[in-house]
Each structure stands twice: as C-alpha cells, then as structure tokens.
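The values are calculated or read from the model by the stated rules, or taken from the named source; none is laboratory data. Note that the coordinates shown come from a computational prediction; the quantities given were computed from them, not determined experimentally. As a convention, Cβ positions derive from the backbone with ideal geometry for all residues, glycine included, and neighbour counts pool all protein chains shown.
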Amino acid sequence: RGGGAQREIPFAKPGSLTRVFAIASGKGGVGKSSVTANLAASMAADGLSVGVIDADIYGFSIPSMLGVTRAPTRVDDMILPTLAHGVKVISIGMFVPSNQPVVWRGPMLHRALQQFLTDVFWGDLDVLLLDLPPGTGDIAISVAQLLPAAELLVVTTPQGAAADVAERAGAMAVQTHQKLVGVIENMSWMEMPDGSRVEVFGAGGGQTVSVNLTRTIGAQVPLLGQIPLDMTVREGSDSGQPAVLSAPDSPGAVALRSVAKQL
Ligand code: ADP
C-alpha cells in the first residue's frame, strides 16, 4: 500500500518527547500483558498521555484487559486508536478475524508494527507502551529498527526456567543497542489470610535476571518490583477494569502502581 510507507514515525524523530517502553518476556503466561495494561492505566490515571500497541500476535489480550470493545475508526487514511480508561489502544487483534489461527512471518509483523507507528493518529503522547510477543523473535529486531530509542522492560516469574529465558530476551538489548530499564517479577508470592506468603513459583527469578543482565549489559538493570499473585489482577484483566483502577489498594495493584511511578 502507498502513503504510509513514506510517512515518518513520530516517536523515532530526534527530539521526540515520547518515552517508548517495549515490554518483553522470555515466554508466555508470565503476565506481560497484564503488567502492560496496568502500567498503562496507572500512568493515564496519573495524568500522562498514554498509548499502547499490542504487538503480541500469539496472545493479543490488551483490548479485553482494558475493556476495549469498539474497533478503531478510520479517518481518511489514518486510524484513530480506541480510547479505554484514558489509554489509546491499538492491537494486532483488531485486524485479524476472531477465532482464526494467526500465522505471521517476521516481515508481516514488521509491516504491521510500522503501520501502527505511522498510520495511527496518536497525537502527543508522553508514553508509548509496546506489548511484545514472548521470546526473542524478529519483532525485537523490528522494534530496534523502527524505534531505536525504545527502552526495554523485562517481565519474569520467580521460577528458574522462566528467569533463564527472560534473561535471553533481555540480552537482546545488547545486540540492538537498546536501553534496558529494568526487570519486573510477576506472580512473586501469594499472600495468605494470616499474612504469610506462599511462593507458588519459587523465589529469586527477578533478582537473578537483574543481577545477570546488569553483568551482561555492564549497566545497572534494577529489579523494579515484585508483583504478588492477586485475584484482583486476574479479575481486573478478565473484566476489562485493570486492578490499579478497580482495586487500587490490593497488594498486586499497589506493586504495579509502584512500578509505574518509577518509570
Ligand atoms: P502473558 O502476557 O505473559 O502471556 P498474561 O498477562 O496474559 O500473560 O497473564 C496470564 C494469566 O495470568 C492471565 O489470566 C492473567 O489474568 C493472570 N495474571 C497475570 N498476573 C497475575 C497476578 N499478578 N495475579 C493473578 N493473576 C495474574
């Protein structure tokens, strides 16, 4: 298609005031999308202008987590993102038929991401969050090419195996010369009614990824937070009312809001 191919990516221009965060994980199911949705909602509630691109082709879940039901609208040859909880949302899931298997090759994904960056009317954003597919696939390279200033956030669970793959995802940043902002450990423990903690997925994964990436990168990669397993986080994702808004004082939401404030 024409037009958009020549358009500039506003967030890649020198002097762009938008901070771009790419949220990565080594594998699926660690809560990367839940973290992205809650960070976005939290930042928007704090008065920032926030956009989210859901580029997780294998599990596009951002629209339902943020309660988006409407498709984006078209104005001339631009796409208007859908607004949910003050967050501008575009998802690859909005452009594929539902209940169809999605088989995307790298170049298609690259073009889709490029189009989301050039043909979507984002307006002035303070923050753009990118929910990446799990792993260290082509999309990480696309992000580095299209958005060289994007900063990487790595989500992991405390489990050793999850931490290993998360570390590999984070180490991509060395090759792509991107900044690694930090590590977020999710599903860290479950709080019992008596106040004790049960470490369902073990302990130490986030810390290990932080220490090892700091060594690999040669710059501090802090552990930004540990988010407990919390019903409100799951319920918030299922109902389209992120926990940071619907249950802001729950342990999960408190931890998520604290991470958002550090960015
Ligand atoms: P990913 O994006 O890494 O594949 P999701 O964000 O889709 O993972 O999360 C997987 C599942 O776990 C979802 O059902 C989500 O609601 C749930 N979940 C994620 N984080 C938490 C948490 N801290 N507490 C409870 N449930 C969570």
Go through segment 169-181 and report how many residues are within 16 Å of the ligand (Cβ to nearest atom) and touching a Ser or Thr at 6+ places or on another chain (Cβ under 6 Å). 1
Consider Ala5 carefully, then state whether it is at pLDDT 90 or above, surrounded by fewer than 23 Cβ atoms within 10 Å (Cβ to Cβ), away from the ligand (no atom under 16 Å from the Cβ) and over 16 Å from Thr156 (Cβ atoms). no
Segments classed as helices (runs of 4 or more DSSP H), wholly inside segment 31-131, with at least 3 members that are buried (at least 17 other Cβ atoms within 10 Å of the Cβ), out of contact with any His (no Cβ under 6 Å at 6 or more places or on another chain) and at pLDDT 95 or above: 32-45
Among the listed residues Asp138, Asp164, which satisfies the condition of being surrounded by fewer than 20 Cβ atoms within 10 Å (Cβ to Cβ), of a type in the set (D, E, K, R) and without any contact (Cβ under 8 Å) to a residue 40 or more places away in the chain? Asp138
List the pairs whose first member sits in segment 210-239 and is farther than 18 Å from Leu256 by Cα and of a type in the set (A, V, I, L, M, F, W, C), whose second member is within 16 Å of the ligand (Cβ to nearest atom) and at pLDDT below 95, and whose Cβ atoms are under 6 Å apart, counting only residues at least 6 apart or on separate chains? Leu213/Gly170
Total residues in segment 135-158, condition modelled with pLDDT under 90 and touching a strand residue (DSSP E or B) at 6+ places or on another chain (Cβ under 6 Å): 0
Any hit, segment 96-103, residues being within 16 Å of the ligand (Cβ to nearest atom), in contact (Cβ under 8 Å) with a residue 12 or more places away in the chain and not basic (Lys, Arg): yes
Checking the conditions here, which among Ala55, Ala71 is more than 12 Å from the ligand (Cβ to nearest atom), on the phi < 0 side of the Ramachandran plot and touching a helix residue (DSSP H, G or I) at 6+ places or on another chain (Cβ under 7 Å)? Ala71
Need pairs with beta-carbon distance below 6 Å; first residue over 16 Å from Pro242 (Cβ atoms) and within 10 Å of the ligand (Cβ to nearest atom) and within segment 25-50, second modelled with pLDDT of 95 or more and part of a helix (DSSP H, G or I); sequence gap 6+ or separate chains. Ser25/Lys32
Return yes when Val154 is touching a Leu at 6+ places or on another chain (Cβ under 9 Å), in contact (Cβ under 8 Å) with a residue 12 or more places away in the chain, of a type in the set (Val, Ile, Thr) and within 14 Å of the ligand (Cβ to nearest atom) and no when it is not. yes
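One line per residue, one yes/no per condition, for (1) modelled with pLDDT of 95 or more; (2) hydroxyl-bearing (Ser, Thr, Tyr); (3) within 15 Å of the ligand (Cβ to nearest atom); (4) assigned to a helix (DSSP H, G or I):
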position	(1), (2), (3), (4)
Val165	no, no, yes, yes
Val183	yes, no, yes, no
Ala219	no, no, no, no
Ser237	yes, yes, yes, yes
Hits in segment 239-262 (condition: within 13 Å of the ligand (Cβ to nearest atom), hydroxyl-bearing (Ser, Thr, Tyr) and within 19 Å of the chain's Cα centre (by Cα)): Ser239
Per-region count, segment 236-250, residues surrounded by fewer than 19 Cβ atoms within 10 Å (Cβ to Cβ) and either over 20 Å from Thr69 (Cβ atoms) or touching a Leu at 6+ places or on another chain (Cβ under 8 Å) (or both): 3
Within segment 199-217, how many residues are within 15 Å of the ligand (Cβ to nearest atom) and either touching a Cys at 6+ places or on another chain (Cβ under 6 Å) or among the polar types (S, T, N, Q) (or both)? 0
